[in-house]
Amino acid sequence: MALTRTRLEVRLNATQTKPDDLSIPQDTIEYLKALTFADGAGAGAANLIFHDQRVLAASGTENLDLAGVLSDKFGQALTFARVKAVIVVAAAANTNNVQVAQPAANGVPGIFLAAGDGISVQPGGAFVWVAPSAAGAVVTPATGDLLTVTNSAAGTSVTYDVLILGAAT
């Protein structure tokens, strides 16, 4: 199965103004960084994608096991050897944050600086990590294959979208 037309974009368009006596000076930025991935496993390439919208119960935690447990939309088990991108978007209607972390035991190294590190994604917020190099973040089955997602508090569930791009070798 081929993974084609893969393009990740980061875009920011903004205009800042400061009214003055006789004019309105402005600074406009139109920033676009586009990263494309060929089908494959080397630098600038990926051949696996997992994407899903998930719900975590209040105070809930789940481990996304990247070595043979997740399935693609065709029902094929995904065994990532390398992760090239992770995108997590928290639903705006969430009350709690969605926490994304490298667990202390068996976490995928290289996305965060150290075991136990992570990031808190506020409602309506996003976390985007991209490594288009041939190495990416190396997944090692059973010892370095987990990405942990946690609902930051009790009381309400959280909804989040997750997209993981990677390579099988």
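Just a few scattered comments:
- Among the candidates Ala2, Ala34, Ala57, the residue that is of a type in the set (Gly, Ala, Ser), under 30 Å from Ala92 (Cα atoms), more than 17 Å from the chain's Cα centre (by Cα) and loosely packed, with under 14 Cβ neighbours inside 10 Å is uniquely Ala57.
- Counted residues, the range 98-116 - those being at negative phi and surrounded by 14 or more Cβ atoms within 10 Å (Cβ to Cβ): 12
- Checking each residue in the range 33-80 for being of a type in the set (Asp, Glu) and farther than 18 Å from Ile111 by Cα picks out Asp39, Asp52, Asp72.
- Listed by position, the strands (runs of 3 or more DSSP E) contained in the range 120-167 that have at least 2 residues being surrounded by fewer than 14 Cβ atoms within 10 Å (Cβ to Cβ) are 126-130.
- Here Val83 meets the list (1) part of a strand (DSSP E or B); (2) under 17 Å from Ser152 (Cα atoms) almost entirely, failing just condition (2).
- Filter result for Ala92 (without any contact (Cβ under 8 Å) to a residue 40 or more places away in the chain and either in contact with a strand residue (DSSP E or B) (Cβ under 7 Å, 6 or more places away or on another chain) or among the acidic types (Asp, Glu) (or both)): no
- For the range 18-41, the condition of being within 23 Å of Leu146 (Cα to Cα) and part of a loop (DSSP other than H, G, I, E, B) holds for at least one residue.
- Where a residue in the range 57-69 is acidic (Asp, Glu) and its partner, wherever it lies, is surrounded by fewer than 13 Cβ atoms within 10 Å (Cβ to Cβ) and outside any strand (DSSP E or B), with Cβ under 8 Å and at least six apart: none
- Some residue of the range 87-96 being in contact with a Leu (Cβ under 7 Å, 6 or more places away or on another chain), under 23 Å from Thr148 (Cβ atoms) and either exposed (fewer than 10 other Cβ atoms within 10 Å of the Cβ) or at pLDDT 95 or above (or both): yes
The values are calculated or read from the model by the stated rules, or taken from the named source; none is laboratory data. In this text the structure is predicted, and so the values were computed from the model without any measurement. Please note: Cβ atoms are built from the backbone with ideal geometry, for glycine as well, and neighbour counts cover all protein chains shown.
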